[in-house]
Amino acid sequence: MRASTDPSVPTAERYRAFARVEARGMSASYERWAAGVAADPATVALIDQLPAVKRQPNLVFSAARLNGAAVREYPEFAAWLREHWSLVVATCLTHATQTNEPGRCAVLLPVLAALAGPLAIIEVGASAGLCLHPDRYSYRYRLAGDSESAGDERMVHPADGPSPVVLDCAVTGPVPLPERMPDIVWRAGIDLHPLDVHSDADVAWLDALIWPEHDDRRSRLRAAVAVARQEPVEIVSGDLVDQIEALVSRAPAGATVVVFHTAVLAYLSEQDRNRFAEQMIRLPVRWLSNEGQSVVPGVLERLAEAPAEASAFILALDGDPIALTQPHGRSVHWLG
């Protein structure tokens, strides 16, 4: 579990780790805010009024921005937080970090397209279900690195033509870029508190969860919501460990069942992560995980060497690491 999401870690250390590992190079604003909180005992004392599981930086910062906090320097943010703390508390207590980044589909698609179809896909920690539509988005894969093909692009579109949602992803290594979309015949999700793409309030929360500088992600969210509204997906409310077996049993006969998740298991206890991994091994499914490096049991240990980037996720199939990914799907480095 990352220090920023681990409720047993002191608040100042959670914010210090968030600034140093997760926000650095991703959001200058959140890096400054988190470093400021870590060095500010008064703000730490404020945040410590929340239950431990509600003190994580992503949740507090998003709750503040949902309630009107401007993206300014830390002293101004701290003053705003003190003045509007009751609003932030109310939001933190009724919301969770449910970032639903459709861009992550770009690192999942090569795996899904390579599996024997037809596919029945299940996302655990599905939020509003935007990642349950990988076959309804368009993709622009940009070949990076030092090869002769560096700079080339490969476009992949849905069967019925280009999508209003275009996901960009830089690729290195022997990535099996798909020629066509996977044949997905059934899709469903699980979330503790599913969000509704038809609810303006829920969509506003998804918007607040996007980091301040990421305007491209904000535009993509709106386009992906429009796509999802055309064909809503069932998202079962409940704990993923408790619900997954029943949902797998509902998948249509003859389909390859794929259970996938991104940036979800870090919010589970070590015991529940181990229980979930055991379920994935036992159930008749393919298991596609895209998580922080020390999150999925056994995955990091199977890498030949630790990733150079501390913030990189590990993409794994059935527990075996196959790629390193940027957490929001902006890039993928295939191993091999």
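Fully extending the segment from residue 153 to residue 271, taken as 0.36 nm per residue of separation minus the present Cα-Cα distance, adds 38.2 nm. What the Cα atoms of region 132-254 give is an Rg and a Dmax of 17.2, 49 Å.
For the chain, the longest principal axis of the C-alpha atoms and the axis of helix 240-249 are separated by about 20°. The long axis of helix 105-114 is offset from the longest Cα principal axis of the chain by roughly 20 degrees.
Sites listed here are trypsin sites (Lys or Arg not before Pro) in region 60-151 whose DSSP assignment is loop and whose Cβ has at most 15 other Cβ atoms within 10 Å: 72. Note on the chain: antiparallel DSSP beta bridges, both residues inside, total approximately 40 percent of the bridges counted. Restricted to Cα atoms, region 69-151 shows a radius of gyration and a Dmax of 20.2, 57 angstrom. Converting phi to 3J(HN,Hα) with the Karplus coefficients 6.51, -1.76 and 1.60 and the offset θ = phi - 60°, region 306-317 yields 5, x, 5, 8, 5, 8, 5, 8, 10, 8, 9, 10 Hz in sequence order, with x at every glycine or proline. Under a model in which nothing but the beta-carbon of Lys, Arg (+1) and Asp, Glu (-1) is charged, region 1-145 shows a dipole of about 260 debye around its Cα centre. Normalised radius of gyration (Cα atoms, divided by 2.2 N^0.38 Å) for region 190-336: 1.13. Placing +1 on each Lys and Arg Cβ and -1 on each Asp and Glu Cβ, with no other charges, gives the chain a dipole about its Cα centre of roughly 260 debye. Karplus-based coupling profile of region 324-336, in residue order and whole Hz: 10, 10, 6, x, 9, x, 6, 8, 9, 10, 7, 8, x, with θ = phi - 60° in 6.51 cos²θ - 1.76 cosθ + 1.60 and x standing for Gly or Pro.
Compared with the rule-of-thumb size 2.2 N^0.38 Å for a compact globular protein, region 1-80 has a Cα radius of gyration ratio of 0.97.
Across the chain the C-alpha pair distances fall into 20 Å bins from zero in the proportions 31, 59, 9 percent.
Applying 1/(1 + (r/R0)^6) with R0 = 35 Å to the Cβ-Cβ distance of residue 242 and residue 204 gives a FRET efficiency near 0.75. Rounded to the nearest 20, the size of the Cβ-charge dipole of region 172-250 about its Cα centre is 280 debye, with Lys and Arg at +1 and Asp and Glu at -1. Shape descriptor for region 212-254: Rg over Rh equals 1.18 (Cα atoms; Rh from the Kirkwood inverse mean 1/r). With the gyration tensor restricted to C-alpha atoms of region 288-336, the semi-axes of the equivalent ellipsoid amount to 14, 11, 11 Å, longest first. Put a dot 7 Å past the Cα of residue 28, heading toward its Cβ, do the same for residue 140, and the two dots end up 2.4 nm apart. When both bridge partners sit in region 80-206, DSSP labels roughly 25% of those beta bridges antiparallel. Between residue 229 and residue 70, the simple label model (points 7 Å from Cα in the Cβ direction) yields a spacing of 3.1 nm. From a point 7 Å beyond the Cα of residue 215 in the direction of its Cβ, which residues of region 63-103 have a backbone N at a distance under 18 Å? It comes to 70-72, nothing else. The amide H of residue 258, built 1.01 Å from its N in the peptide plane, has 120, 121, 122, 286 as neighbours under 5 Å, considering only residues 5 or more places off or on other chains.
The C-alpha atoms of the chain define a longest principal axis, and helix 57-66 lies at about 80 degrees to it. Of the residues 38, 267, 322, the one whose Cα sits farthest toward the positive end of the charge dipole of the chain, with +1 on the Cβ of Lys and Arg and -1 on the Cβ of Asp and Glu, is 38.
Throughout, read-outs are computed from the coordinates displayed, never taken from laboratory work. All values reported here derive from a predicted model rather than from experimental measurement. Because the Cβ atoms are built from the backbone with ideal geometry, glycine has one as well, and the counts that use them run over all protein chains shown.
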